Amino acid sequence: MPPVELMSALSHPIVIAHRGASGYAPEHTLASYFIAIQQGADYIEPDLVVTRDGVLVARHENEIGGTTDVVGRSEFADRRTTKAIDGVSVTGWFTEDFTLEELKSLRARERIPDLRPGNTRLDGRLEIPTLEEILALVRGVEEQRAVRARGLGLAPPEPIGVYPETKHPSYFAGIGLAMEERLVGTLERYGYRGPDGGAFLQSFETGNLQVLHRLTKLPLVQLIEATGAPYDLVAKEDPRTYADLAARAGLEEIAAYAAGIGPAKSLVIPRDGEGRLTRPTPLIADAHAAGLKVHPWTFRAESGFLPAGVDLEGELREFLAAGIDGFFTDQPDVGVSERDAHLVSGSSERSAK
């Protein structure tokens, strides 16, 4: 079977470009998303926050002191303030205090320059993108690919998926900038709708996903931290923690409103005292038994993020062998290569039987 037919014939784990190809360009920029698409990612992931005038934009957090040049912009010096975000005191500059026009005057910067000095080459050159601009980028690339495929007499290319995360949804709802209807409405304008609509919607909170469940048929993903509890549950004095959500009973509850979970990767394969990977936990099997997909995060190539004794390729091989359904990575090219090698290996094993 030719490689293209082989890949389409197999049900395969998806590669999710975490904030774009953020290992190669500053995260949450159109350049980062475009590189991820060119590297073959199945989905690109924008974290979403809101501007003062109600526009969804892509930033890791609503505090933008570390990801833009706002610190050196004297005209915005008076915007620096301290706020309680999900119960934590944060000082800086916040998207909800800027109009979209003002945010567009800022320029993105690499968030972790000490670890990714190469990305700083683009500091000061890239804008903060809106969700709509990201979707327009995807549409434009898809249209170009379709034209090329027709010209070559090839089958239509696979669509490029999007995987938005709502950041701090309870906080934004509390200041009159609820995200859910804005998100669903924007996605529907670009054709993302239905259970096979080319998008997953994700959140670390539970109530936000339950609201989205009533607004859309797009599949939802409950993110699960290794420690702590969803902020919306904490705010309601609900005693449940992320550990409770990851237990069998919690997974069954999640399955009532979501199609999958996005756990911290340590919940899937923990590390020992020396930082080496150990054996998989029951989480994948338990989630699958509840009908949930498992998309752990985040796989990165830099040594400080890796288990002892393996590179990114080796780490991904362990997780793919454990049965994950997809994964978030900052290096989509590596992710695609390892995922494809895993599929070819699995096909060869089945053929040998």
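The values are calculated or read from the model by the stated rules, or taken from the named source; none is laboratory data. As the structure is a prediction and not an experimental result, all values here were calculated from the model. We place every Cβ from the backbone using ideal geometry, glycine too, and count neighbours over all the protein chains shown.
Which strands (runs of 3 or more DSSP E) sit wholly inside segment 20-75 and have at least 2 residues that are in contact with an Asp or Glu (Cβ under 9 Å, 6 or more places away or on another chain) and not polar (S, T, N, Q)? Spell out how you get there, then give the answer.
Details: elements: 43-45, 47-50, 56-58.
Answer list for segment 20-75: 47-50, 56-58.
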Considering residues that are touching a Gly at 6+ places or on another chain (Cβ under 7 Å) and crowded, with 21+ Cβ neighbours inside 10 Å, the number found within segment 235-272 is 1
Spot the failing condition for Gly250; the list is (1) part of a helix (DSSP H, G or I); (2) of a type in the set (Gly, Ala, Ser); (3) modelled with pLDDT under 95, and only one is missed. (3)
Just one of (1) of a type in the set (Phe, Trp, Tyr); (2) more than 23 Å from Asp42 (Cα to Cα); (3) assigned to a helix (DSSP H, G or I) trips up Tyr257, so point out which. (3)
The one condition in (1) surrounded by 13 or more Cβ atoms within 10 Å (Cβ to Cβ); (2) assigned to a loop (DSSP other than H, G, I, E, B); (3) charged (D, E, K, R); (4) modelled with pLDDT of 95 or more that Glu188 fails to fulfil: (2)
Are any residues in segment 231-245 without any contact (Cβ under 8 Å) to a residue 40 or more places away in the chain and part of a helix (DSSP H, G or I), and if so, which ones? Leu233, Tyr242, Ala243, Asp244, Leu245
So Gly275 clears everything in (1) out of contact with any Leu (no Cβ under 7 Å at 6 or more places or on another chain); (2) surrounded by fewer than 14 Cβ atoms within 10 Å (Cβ to Cβ); (3) on the phi < 0 side of the Ramachandran plot; (4) not aromatic (Phe, Trp, Tyr) except one condition, right? Which one? (3)
List pairs: first in segment 302-324 and on the phi > 0 side of the Ramachandran plot, second in a helix (DSSP H, G or I), Cβ under 8 Å, 6+ apart or cross-chain? Gly323/Ile284; Gly323/Ala285; Gly323/His288
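Rundown of residues vs (1) in contact with a strand residue (DSSP E or B) (Cβ under 7 Å, 6 or more places away or on another chain); (2) closer than 30 Å to Ser303 by Cβ; (3) modelled with pLDDT of 95 or more, yes/no style:
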{"site": "Val71", "(1), (2), (3)": "no, yes, yes"}
{"site": "Asp78", "(1), (2), (3)": "no, no, yes"}
{"site": "Lys83", "(1), (2), (3)": "yes, no, yes"}
{"site": "Ser89", "(1), (2), (3)": "yes, no, yes"}
{"site": "Phe94", "(1), (2), (3)": "yes, no, yes"}
{"site": "Glu101", "(1), (2), (3)": "no, no, yes"}
{"site": "Ala108", "(1), (2), (3)": "yes, yes, yes"}
{"site": "Arg111", "(1), (2), (3)": "no, yes, yes"}
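Residues checked against (1) out of contact with any strand residue (DSSP E or B) (no Cβ under 8 Å at 6 or more places or on another chain); (2) at pLDDT 95 or above:
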position: Arg121; (1), (2): yes, yes
position: Leu131; (1), (2): no, yes
position: Gly140; (1), (2): yes, yes
position: Arg148; (1), (2): yes, no
position: Pro164; (1), (2): no, yes
position: Gly176; (1), (2): yes, yes
position: Glu180; (1), (2): no, yes
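Only residues that are of a type outside the set (Gly, Ala, Ser) and either without any contact (Cβ under 8 Å) to a residue 24 or more places away in the chain or in contact with a Ser or Thr (Cβ under 7 Å, 6 or more places away or on another chain) (or both): list them for segment 148-187, please. Break it down into steps so the answer makes sense when it comes.
First, pick out the residues of segment 148-187 that are of a type outside the set (Gly, Ala, Ser): 148, 150, 152, 154, 156-160, 162-169, 171-172, 175, 177, 179-184, 186-187.
Within segment 148-187, Arg148, Arg150, Leu152, Leu154, Pro156, Pro157, Glu165, Thr166, Pro169, Met179, Leu183, Val184 qualify.
Suppose we filter segment 103-120 for residues that are outside any strand (DSSP E or B) and closer than 14 Å to Val71 by Cα; how many remain? Even if it seems obvious, please write down each step before you answer.
First pass over segment 103-120, keeping only residues outside any strand (DSSP E or B): 103-107, 109-120.
Next, from what is left, pick out any that are closer than 14 Å to Val71 by Cα: 103, 105-107, 109-111.
Counting residues in segment 103-120 that are outside any strand (DSSP E or B) and closer than 14 Å to Val71 by Cα gives 7.
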Within segment 169-189, is even one residue out of contact with any helix residue (DSSP H, G or I) (no Cβ under 6 Å at 6 or more places or on another chain) and within 20 Å of Gly326 (Cα to Cα)? no
What pairs come up if the first residue lies in segment 275-291 and is free of Cβ contacts under 8 Å to residues at least 24 places away in the same chain and part of a loop (DSSP other than H, G, I, E, B), the second is surrounded by fewer than 16 Cβ atoms within 10 Å (Cβ to Cβ) and not small (Gly, Ala, Ser), and their beta carbons are under 6 Å apart, counting only those six or more places apart or on different chains? Thr278/Pro270; Thr278/Asp272
Modelled with pLDDT under 95, acidic (Asp, Glu) and surrounded by fewer than 23 Cβ atoms within 10 Å (Cβ to Cβ): does that describe Asp232? no
